[in-house]
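See below for the structure under consideration.
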Amino acid sequence: MVLAAIRIGWHLPMMLTGQLPWLLGTLGNAGFQLVLLCLYRFSGDRWSTAAVAHASLNVLGGRFLFQMVTGADRARLGLIMAVAYALLGLALAAVLARVRLTTRRVTSGGRSGCVARGRSSRRCRSRPTRRTGRGALSTGGPPPRRS
């Protein structure tokens, strides 16, 4: 909600000057912010995926599509994009909520709190194993001293 409000505030000058339709500036930006948040979460908290999606929107949306239409068609395109972003954002948020509810926390190898999603996240990967003593394997701690 906070990020959506910041995004809408950022685009307020464009809405005031008429470069951006009000519906797209409010509902569309809130929906798109939700899409970006879901992309960020689905990509394992990597911001680059959301940044590429935002750059793609800037190039294809504002610079390309809106330059080709005027008048009632421009207002209709703004309405379609605003509703599409809002619905897509809500759908992705529902999927994200379902994924978060169906994942369970596991405790394995001393690493409590890792999420079991069928793939390991950066935080859940175990450290390289080392041999200590009589060939036993250890997953951490300093290497043994040799005398």
Any idea which of 34, 96, 92, 87 is modelled with pLDDT under 85 and either surrounded by 10 or more Cβ atoms within 10 Å (Cβ to Cβ) or of a type in the set (Ser, Thr, Tyr) (or both)? 96
Tally, over the range 27-61, of residues that are over 15 Å from residue 88 (Cβ atoms) and either touching a residue at least 40 places away in the same chain (Cβ under 8 Å) or not in a helix (DSSP H, G or I) (or both): 4
Scan the range 66-80 and give yes if some residue there is at pLDDT below 80, loosely packed, with under 13 Cβ neighbours inside 10 Å and either at positive phi or not small (Gly, Ala, Ser) (or both), otherwise no. yes
I'd like to verify a number: residues in the range 1-26 that are assigned to a helix (DSSP H, G or I) and touching a Leu at 6+ places or on another chain (Cβ under 8 Å), how many? 7
For the range 1-21, which residues satisfy the criterion of being crowded, with 16+ Cβ neighbours inside 10 Å and either under 14 Å from residue 89 (Cα atoms) or of a type outside the set (D, E, K, R) (or both)? 4, 8, 11, 15, 20, 21
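Any residue at all in the range 29-41 that is aliphatic (A, V, I, L, M) and more than 11 Å from the chain's Cα centre (by Cα)?
Checking the range 29-41: at least one residue is aliphatic (A, V, I, L, M) and more than 11 Å from the chain's Cα centre (by Cα).
The values are calculated or read from the model by the stated rules, or taken from the named source; none is laboratory data. All figures in this text were calculated on a predicted structure; none of them were measured in a lab. Cβ: placed from backbone, ideal geometry, glycine included. Neighbour counts: every protein chain shown.
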